[in-house]
Amino acid sequence: MKKGEPDRYRRGMNAEFWAAVYLRVCGYRILERRCRTPVGEIDIVARRGKNLVFVEVKTRMDMVTALESISPTQRGRIVRAAQYYMARLRGEFDPRFDVIAIVPPFSLRHIRNAWDLSGAL
């Protein structure tokens, strides 16, 4: 492990916990956290009505850096993981890709529809 990796992992897990709490309070049902598929990982999979929401959680020292830290390559990987996940489900869902950015000590911003199924912003 690289120097600082355990701290980064712990901060990421903590951010995902608070993002899940926030989503529950907002009426979402958390289906999975740290959902691993053969094509990528999704931080949080949630459902609200017919929306199946795939949430990427980012924590950085400032909001701009947090929001800009999701590369096109990463968005594509998340989209592929979401498509894999949805292929296993029965039923009709409207997929949505959200970002929750968290800045210490605790500032949270929820970006709904951050990108679409093509990975475009």
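The values are calculated or read from the model by the stated rules, or taken from the named source; none is laboratory data. All values reported here derive from a predicted model rather than from experimental measurement. So basically every Cβ, Gly included, is an ideal-geometry build from the backbone, and we count neighbours across all protein chains shown.
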_Tally up the residues in the stretch 66-78 that are assigned to a loop (DSSP other than H, G, I, E, B) and of a type outside the set (Ser, Thr, Tyr), please._
1
*What is the residue count in the stretch 97-119 for residues that are closer than 25 Å to Lys50 by Cβ and assigned to a loop (DSSP other than H, G, I, E, B)?*
4
*Does Asp7 count as farther than 23 Å from Leu108 by Cα and at pLDDT below 95?*
no
_Any chance Val57 is crowded, with 21+ Cβ neighbours inside 10 Å and either part of a helix (DSSP H, G or I) or touching a Gly at 6+ places or on another chain (Cβ under 8 Å) (or both)_ = yes
*Taking into account only those residues within the stretch 79-93 that are of a type outside the set (Phe, Trp, Tyr) and part of a helix (DSSP H, G or I), which is farthest from the chain's Cα centre (by Cα)?*
Ala87
*Taking Pro95 as the residue in question, decide whether it is loosely packed, with under 12 Cβ neighbours inside 10 Å and either more than 19 Å from Arg112 (Cβ to Cβ) or in contact with a strand residue (DSSP E or B) (Cβ under 7 Å, 6 or more places away or on another chain) (or both).*
no
*Residues of the stretch 24-47 that turn out to be within 15 Å of His110 (Cα to Cα) and crowded, with 16+ Cβ neighbours inside 10 Å, as a count*: 5
*Out of the residues in the stretch 104-121 that are in contact with a strand residue (DSSP E or B) (Cβ under 9 Å, 6 or more places away or on another chain) and among the polar types (S, T, N, Q), which is farthest from Thr73 (Cα to Cα)?*
Ser107
